[in-house]
Amino acid sequence: MPVLSTDVPEITSLKGIHLYHAGMSNCSMRVRLALEEKGLEWVSHEVDLGAQENIQPWYLAINPKGLVPAIVHDGVPVTESNDILAYLEEKFPEPALVPADPTLAAEANAWFELAVSMHIKAIKTWVYGSSLGATKKRSDMQRYSEIQPDKELVAFHQKSLDGFSAQDIETARKMIADAFEKMEKRLKDHAYLVGNTQSIADIAWLPQYVVLGTLGFDFKPYPAIVAWAKRQEKRPAYKAAIGDWMPKVPGWALRIAIKLRRAFASLKSSRRQSQTQI
Ligand SMILES: N[C@@H](CCC(=O)N[C@@H](CS)C(=O)NCC(=O)O)C(=O)O
């Protein structure tokens, strides 16, 4: 489990739970949901990914991979959303988010692992390829590739700058659709993904629904997932963990704003290119 050791006084002196996160980051949403479901107090530190704050030295001292989320609990940094949830479960077992029954616990972990395993190849590829576009600048890539030990992530960001192919995006969509079909089957006659209570399985997947839905993924084929998400949105944890961190405009307006931003950026870059060619 990435519980990291550090001797940086600004980190070791922190008391309580400090969360380093970003509003629309689905991995951050998971940790916020777990903290809220467990009724824990936490101090928010928003990390501006657009401004590359995540690869500044002060943040790399907390998470050497430069990724959100991370927590610092009583001076100890813990990274990776699945490991943070396991850590919180161990330190704050009530209310339990991992079922006591070992078979159900294995099922819940399998749902969580499925979400983690699809993060780059499916979720991020669909989100950035079909909607957001690149969030790094070409000039950031040299430094990023030097500090980022996860080479899949480096390749991902390079590809988001070079452009995903239609095939990449379709493969991602298909992987997501396969997972949602599995969820739809389960949720047709069950209130939760595992057992009869909220678990890390629901916490792993609700953020995917929220982010993909906001960016225009088609949920019409999945009425049971939509009904589950509506129930999830009524939980007291939802507002503090997700609702309060979402853009204050409806999804359709956000999608138009993203398209305009991308069109403007590509116009600027083609003007720059034609100026250098003259
Ligand atoms: N495996 C990590 C993935 C975390 C991750 O990819 N976070 C994204 C936001 S959702 C991030 O920090 N991206 C910044 C970057 O790639 O530079 C986890 O589960 O916590």
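Where a number appears in this text, it was derived from the coordinates with a stated rule and is not lab data. Please read these numbers as outputs of a predicted model, since none were measured by experiment. Heads up, the Cβs are rebuilt from the backbone with ideal geometry, glycines too, and the neighbour counts pull from every protein chain shown.
Any idea how far apart D162 and E181 come out in nm if each label point goes 7 Å out from Cα toward Cβ?
Going by the 7 Å Cα→Cβ label model, 3.1 nm.
Under the definition of Cα pairs under 8 Å and six or more residues apart, what whole-number percent is the relative contact order of region 72-175? Intermediate results must be reported in sequence, preceding the final value.
On the way: 54 pairs, mean separation 27.6, N = 104.
Relative CO of region 72-175 lands at 27 percent.
Roughly how many whole Å is it from the C-alpha centroid of region 201-231 to that of region 1-29?
A separation of 27 Å, based on Cα centres.
Kindly list the residues of region 15-35 that lie in the label zone of K91, defined by a backbone N under 18 Å from the point 7 Å along the Cα-to-C-beta vector.
Under cut-off, by backbone N: 15-22, 28-35.
Roughly how many nanometres apart are two label points built 7 Å out from the Cα toward the Cβ at V43 and M246?
Using points 7 Å along Cα→Cβ, the separation is 3.0 nm.
Any idea what the relative contact order of the chain is, in percent, if you count C-alpha pairs under 8 Å spaced at least 6 apart?
Numbers: 333 pairs, mean separation 59.4, N = 278.
Computed over the chain, the figure is 21 percent.
With a sphere of radius 12 Å drawn around the Cβ of K159, what net charge do the other residues whose Cβ falls strictly inside it have (Lys, Arg +1; Asp, Glu -1)?
My count for the surroundings of K159 gives 0.
State the extension gain, in nm to one decimal, for the chain segment bounded by E170 and I120, taking 0.36 nm per residue of separation less the distance between their alpha-carbons.
Numbers: separation 50, 0.36 × 50 = 18.00 nm, distance 1.40 nm.
Computed gain between E170 and I120 is 16.6 nm.
Can you spot the lysines whose alpha carbon is less than 16 Å from K220's alpha carbon? Ignore those fewer than 8 places along the same chain.
The reachable lysines, counting only those whose Cα sits under 16 Å from K220, are K174, K182, K185, K188, K230.
Specify whether the C-alpha gyration tensor of region 102-251 places it in the rounded, prolate or oblate class, a ≥ b ≥ c being the square roots of the eigenvalues: rounded for a/c under 1.5, otherwise prolate if a/b is larger than b/c and oblate if not.
prolate
Report the percentage of all Cα-Cα pairs in the chain whose separation exceeds 31 Å, rounded to a whole percent.
Tail of the P(r) past 31 Å holds 29 percent of the pairs.
Relative to the Cα centre, what is the charge dipole magnitude of region 86-152, using +1 at the beta carbon of each Lys and Arg, -1 at the beta carbon of each Asp and Glu, and rounding to the nearest 20 debye?
Details: 8 positive and 10 negative charges, 145 e Å.
With Lys and Arg at +1 and Asp and Glu at -1, about 700 debye.
Over region 9-91, what relative contact order in percent results from Cα pairs under 8 Å that are six or more residues apart?
Rounded, it is 39 percent for region 9-91.
Treat every Asp and Glu Cβ in region 115-190 as -1 and every Lys and Arg Cβ as +1, leave all other atoms uncharged, and give the resulting dipole magnitude about the Cα centre to the nearest 20 debye.
In debye, rounded to 20, region 115-190 gives about 80.
Between A155 and L4, what length in nm is gained on full extension when 0.36 nm per residue of separation is reduced by their alpha carbon distance?
51.8 nm
If each DSSP helix of 4+ residues adds -39,500 (n - 2.57) and the sum is divided by the residues in the chain, what number results at 222 nm, nearest 500 deg cm²/dmol?
-17000 deg cm²/dmol
Which residues does the label zone of K137 cover in region 54-97, counting backbone N under 15 Å from a point 7 Å along Cα→Cβ?
Zone members listed by number: 54-56.
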